[in-house]
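Step one of this worksheet: look at the structure below.
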Amino acid sequence: MENSNRLLAIHIMEILNEHSDAKHTMSQAELMERLEEKYGDVISRHTCSDYLKELRQAGYVAGTRGVYRKDLFTERELRTLIDGVMYGKHIPEREAKTLIEKLRTLSMNSMRGKAKNLTYLSSINRTRNDSLYDILDAIDDAIERDLKLEIIQHSPQIDGTRKDWPPRIVDPYFVVSDQSRYYLLCNASRDGKLSLEPRRIDRLTSARAINERRTPLIDVVGHDFDLGKYMREHIYMFAGDAGTAKIRISNRHIGSFEDWHGTDYRVVSAGEDHSVVRVTTNYDALYYWLLQYGSVAEVMEPVELRNRVKEGLKEILAKYE
């Protein structure tokens with residue numbers, strides 16, 4: 001376009017971004033007025049029309065009797081994204097605030113009511129690891145380049161400090177999110193024994209890729225790996241293999257069972273008040289789940305797990321007697 005202002009298209013999009021959406025369109029006259037008022041851009045109606053035509057053809061604006069910037073996300077999609085950031089414990093408070101503000105600018109009316117909820121961010125049990133994203137970058141780099149990773153883990157202390165453990169070399173494979181926490185699925189073998197184990201990423205002090213090829217995943221798990229299946233079978237992200245268990249559960253609480261174990265289970269017998277189901281899961285994870293839902297669920301098999309739950313309940317009861 002002859003004699004065009006190179007920034008004019010950007011200025012038009014900024015104005016439309018701030019003042020328009022599908023329900024609130026702008027006339028060319030209003031757009032031209034705001035361009036002059038905010039940026040000092042004085043243009044003719046013909047020039048404005050030409051720019052809008054090109055932006056419309058490129059898919060950035062829409063509308064005929066009034067124009068508006070086409071949203072990348074619907075209000076529902078933005079709500080989902082903002083809520084994910086709002087309640088994501090794995091996102092530090094400072095980054096969460098920044099992300100929410102950026103998401104709110106993606107639509108003129110994008111969740112303005114959510115602004116007041118920013119005050120609730122500090123009340124959520126968020127990670128205090130300010131190096132989280134640097135650590136994630138290092139992990140992603142190692143995974144992308146098929147390299148081993150040196151990590152330093154830490155554990156919180158009662159006085160509010162943290163204790164660093166000696167560095168360890170691991171084979172990184174996946175970064176997953178479970179219960180609003182980031183985990184690294186890796187081979188942290190001891191004594192040459194290969195095993196796929198989760199590591200809390202917010203409990204890492206540092207991570208760096210080292211110039212050594214990681215062990216192929218097939219050598220660790222011994223078969224084609226199904227990440228979704230692994231996540232269903234390791235509900236509390238405990239390491240170790242999964243096994244089959246038979247559980248008797250109240251029909252009223254089958255929803256709670258599915259919340260944790262998914263729908264990949266088999267009904268062995270169905271009664272009026274209780275049913276027996278068979279599920280494949282990690283026994284350590286199932287043990288703690290049964291302690292949590294002991295009033296509505298009972299493990300029938302394996303007997304070893306049933307006895308373990310019984311002993312665990314005895315120890316709990318002894319603390320209160």
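The values are calculated or read from the model by the stated rules, or taken from the named source; none is laboratory data. Here the structure is a predicted model, which is why all the values come from computation and not from measurement. Here the Cβ is made from the backbone with ideal geometry for all residues, glycine too, and neighbour counts use every protein chain on show. We work out accessible area using only protein heavy atoms, side chains counted, and drop any ligands, DNA or RNA first. Shrake-Rupley method; radii C 1.70, N 1.55, O 1.52, S 1.80 Å.
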Considering only the stretch 240-281, state which residues are touching a Lys or Arg at 6+ places or on another chain (Cβ under 7 Å) and acidic (Asp, Glu).
ASP264
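Could you count how many residues in the stretch 82-92 are aliphatic (A, V, I, L, M) and either open to solvent by 70 Å² or more (accessible area, probe 1.4 Å) or over 28 Å from VAL61 (Cβ atoms) (or both)?
Applying the first criterion (aliphatic (A, V, I, L, M)) to the stretch 82-92 yields 82, 85-86, 91.
Adding the requirement that they be either open to solvent by 70 Å² or more (accessible area, probe 1.4 Å) or over 28 Å from VAL61 (Cβ atoms) (or both) leaves 86, 91.
The total comes to 2.
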Tally the residues that are within 25 Å of the chain's Cα centre (by Cα), of a type in the set (A, V, I, L, M, F, W, C) and surrounded by 12 or more Cβ atoms within 10 Å (Cβ to Cβ), restricting the search to the stretch 222-253.
7
Among the residues of the stretch 190-209, how many are in contact (Cβ under 8 Å) with a residue 24 or more places away in the chain and either farther than 25 Å from THR127 by Cβ or in contact with a Gly (Cβ under 6 Å, 6 or more places away or on another chain) (or both)?
2
When every residue in the stretch 182-220 that is touching a helix residue (DSSP H, G or I) at 6+ places or on another chain (Cβ under 7 Å) and of a type in the set (A, V, I, L, M) is compared, the one nearest to TRP165 (Cα to Cα) is LEU204
Requiring at least 3 residues that are modelled with pLDDT of 85 or more and of a type in the set (Gly, Ala, Ser), the strands (runs of 3 or more DSSP E) wholly within the stretch 160-245 are 204-213
Considering only residues that are without any contact (Cβ under 8 Å) to a residue 40 or more places away in the chain, β-branched (Val, Ile, Thr) and within 17 Å of ALA22 (Cα to Cα), look in the stretch 43-79 and name the one that is most open to solvent (accessible area, probe 1.4 Å).
THR64
One residue is enough: does the stretch 126-144 have a residue meeting the conditions in a strand (DSSP E or B), touching a residue at least 12 places away in the same chain (Cβ under 8 Å), under 30 Å from ASP259 (Cα atoms) and in contact with an Asp or Glu (Cβ under 6 Å, 6 or more places away or on another chain)?
no
